[in-house]
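Just below is one structure, and these are the notes that go with it.
What follows is calculated from the coordinates using simple rules that are stated; it is not laboratory data. Bear in mind that the values here come from a model prediction, so they are computed numbers and not experimental data. Here Cβ is always computed from backbone atoms with ideal geometry, including for glycine, and neighbour counts include all displayed protein chains.
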Amino acid sequence: MHVLLTNDDGAPHETASPYIKFLVEAIQKYTNWELTICVPASQKSWIGKAHLAGKDVSASYIYSAIDQPADNSFHGPFAHANADFAKDPKLKEWCLLDGTPATCADIGINHIAKKPVDLVISGPNVGRNCSALYSLSSGTIGGAMEAVQHGKRAVAVSYAFEANFFNDPKVLAEASLISVKLIEKLLSVWDARVDLYTVNIPLKTGLKLGETKCVMAPTLDNKWRRSLYTAESESHEQPASDIVDQSVTHGRTFKWTPDFDSVHKNLGDESVLNDTRAVAQGLISVTALKAAFKEIDDLNSGELSIE
């Protein structure tokens, strides 16, 4: 089986993308999948399924050690694939694109992969992607959705954590082992109605394959309770203005300040085990999705009269 791996956090990086090498190692260690990697050259979180319209995309290549998942160093980047590093069995080739996760899925499937892709894995995301608020904005899920538009099955994987940052190598290795085994299970029972699955694995002490419960759960349908931005207090200083027409180079600013705490506390109806509640309980959540907006069938027929 040929797998394309992408993400929205980019190439291996100590803070921006510290999880993906653990998954690469698990795939190489526990499966016989042929793996092609195509990820953004820099972090592209919260970008959904966007493409940068009208922008040409360029590629570069790096090579990292397979059996050192906590080491985020690499050789490169190189403008083209490097034949010497590519033939080293201890190294893995990564294609980096100066585009979005959706761009990486498209180009990865159609131009980078040397043979047809059977499955696209997007992730593992640094943080959860449960509830509608996260899912609709997620570049990780966006990359998986783009793969579906190219006729491929896809799985989006996210690692949820409660602390400010979670980087325990043992837990990350276990989460990646679980990811691989869970994806193998989903492939064996894939329902024809499903376009993609989104998976959330809680990073916690005690996470264990075969012991940590995994549940199928719907997405929590939630809303923001306030703006994602805070208006900065206006400066008393006048902004720089053009000497001819007095146009300004900058004005009032709005700071990115989403209220994540309230989102995490709002678990929805207690009688429903949704994806957000499952993760809060330390469970692995799996949600089956269609890569489309949900239609209201009984409203989408007949003539609409306008007078």
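Normalised by the number of residues in the stretch 1-122, the mean separation of alpha-carbon contacts (under 8 Å, six or more apart) gives a relative contact order of 39 percent.
The mean sequence distance of close C-alpha pairs (under 8 Å, at least 6 residues apart), as a share of the length of the stretch 58-124, puts its relative contact order at 33 percent.
Protection proxy ranking of 8-16, 273-281, by the mean of other Cβ atoms within 10 Å over each peptide's residues and highest first, is 273-281, 8-16.
What shape does the stretch 247-307 have by the C-alpha gyration tensor, where a ≥ b ≥ c are the square roots of the eigenvalues, rounded means a/c under 1.5, and otherwise prolate means a/b greater than b/c and oblate the rest? The shape class here is oblate.
For the chain, modelled as a GNM whose springs connect Cα atoms under 10 angstrom apart, the maximal fluctuation among K115, K55, K204 occurs at K55. Ranked for footprinting exposure by Cβ neighbours inside 10 Å, fewest first, S135, S262 give S262, S135. Shape class for the stretch 80-169: oblate, because the ratio a/c of the largest to smallest gyration tensor axis (alpha-carbon atoms, square roots of eigenvalues) is 1.5 or more and b/c is at least a/b.
The lysines within cross-link reach of K181, meaning a Cα-to-Cα straight distance under 19 Å and a gap of 8 or more places when in the same chain, are K21, K29, K170, K204, K208, K213. Across the chain, C-alpha contacts under 8 Å between residues 6 or more apart give a mean separation that, scaled by the residue count, equals a relative contact order of 18 percent.
Distance from the C-alpha centroid of the stretch 193-223 to that of the stretch 14-73: 22 Å, rounded to the whole angstrom. This structure gives semi-axes √(5λ) of the Cα gyration tensor in Å, computed directly, and of [x] 36, 24, 20; [y] 32, 28, 22; [z] 30, 21, 18 that value is listed as [y]. Derived scalar couplings between HN and Hα for the stretch 19-29 equal 9, 5, 5, 5, 5, 4, 4, 5, 5, 5, 7 Hz in order, rounded to whole Hz, by the Karplus curve 6.51 cos²θ - 1.76 cosθ + 1.60 (θ = phi - 60°), x for Gly and Pro.
Backbone geometry of the stretch 68-75 corresponds, through the Karplus equation with coefficients 6.51, -1.76 and 1.60 at θ = phi - 60°, to 3J(HN,Hα) couplings of 10, x, 7, 8, 8, 6, 7, 8 Hz, x marking Gly and Pro.
Classify the stretch 1-118 as rounded, prolate or oblate, taking a ≥ b ≥ c as the square roots of the eigenvalues of its Cα gyration tensor: rounded when a/c is under 1.5, otherwise prolate if a/b is larger than b/c and oblate if not.
rounded
GNM on the chain, alpha-carbon springs under 10 angstrom: the most fluctuating residue among K152, K29, K44 is K29. If each residue's Cβ is checked for other Cβ atoms within 10 Å, how do V117, V215 rank with the fewest at the top? Listing V117, V215 from fewest to most nearby Cβ atoms yields V215, V117.
Summarising the amide proton neighbourhood of L52: residues at separation of 5 or more, or on other chains, whose placed amide H is nearer than 5 Å comprise T100. Comparing G210, G282, G54, which has the greatest mean-square fluctuation in the GNM of the chain with Cα pairs linked when under 10 Å apart? Between G210, G282, G54, it is G54 that shows the largest mean-square fluctuation.
Among beta bridges identified by DSSP and lying wholly in the chain, the antiparallel ones come to about 40 percent.
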